[in-house]
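Working notes for the structure below.
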Amino acid sequence: MSARLTPPTRLTQPERRTRLGLLRPLARHELHAARTLPLVCGTVLGVAVCAAPTAFGTRTTPATAAVLLYLAAVFGSLGLLFLLDDPAAPSTAVSPLPWWLRRAVRAAAGLLVLAVAWSTGAALVRRALPEGERAALPLADLAGVAPALGLLALALALCGLRLTAGRNGSLVGAPAFIVLTLILVLLPSGWEFFASPGDGGWNAAMVRWRVMGAASLVAALVLIRKPDPVAPIPGSAPCGDVPPAARPGDAIGHRACD
């Protein structure tokens, strides 16, 4: 006789408030546990690249300014990719909030940092342009490049997490991101992504960036579900079993269970 399915229980108002109240400490904990150094290095390097013309007192052109902003987006997105790594996944398996929400908190914070850093670089690059050429730099179009690359990096990181049991998505995502970026750079005319302002393929390139960003967002939403559980540590007991020699309070040899 088939088991009867029970409808999912709806959260009560106090339970909703309790979960919402956990978001602030969750964000603080996740950002403290995340690998933020690559993101900081990537965004700082991107801002430094954009600040170079102003720092050296040189004037630039819209085409060069676009290249600098492309570099800032690539560097920042590559650093963002490491933010989802969780080498301690076996010990953090038990949480009052779902795995996808914890990863979403990290992703949202990383995208915010990337947006702020890229905007800072855009202001510095625009300042290095001559007064008469600033209008020739389409910042509104270029503003879609950083989110598209950032979402691509997140999708690749999430794919890597699924292949590494939720631990080190950057081991797979970082090389894949670098290879894909090089492919985009080497695409022939008519298919290019990194176009220059004023080129005939500029508008088509910006459409391609938007399509890639939307596809990456869909992929990230699909991949953000929890990866498969981590394999048991050799010599440890399965979840729910206690070794005969285990003493009360002795947690050595066990892993967290969902």
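The values are calculated or read from the model by the stated rules, or taken from the named source; none is laboratory data. Small disclaimer: the values here were computed from a predicted structure and weren't measured. A quick note on method: Cβ atoms are made from the backbone with ideal geometry, for glycine too, and the neighbour counts reach across all protein chains shown.
Every residue, every condition in (1) buried (at least 20 other Cβ atoms within 10 Å of the Cβ); (2) assigned to a helix (DSSP H, G or I), yes or no:
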residue: ALA115; (1), (2): no, yes
residue: SER119; (1), (2): no, yes
residue: LEU124; (1), (2): yes, yes
residue: ALA165; (1), (2): no, no
residue: ASN168; (1), (2): yes, no
residue: PHE177; (1), (2): yes, yes
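Considering only segment 26-83, state which residues are of a type in the set (Val, Ile, Thr) and in a helix (DSSP H, G or I). Selection gives VAL40, THR43, VAL44, VAL47, VAL49, THR54, THR64, VAL67, VAL74.
Can you tell me which residue is modelled with the lowest pLDDT among those in segment 5-25 that are of a type in the set (A, V, I, L, M) and either exposed (fewer than 11 other Cβ atoms within 10 Å of the Cβ) or outside any loop (DSSP other than H, G, I, E, B) (or both)? Among those residues, the one meeting the criterion is LEU5.
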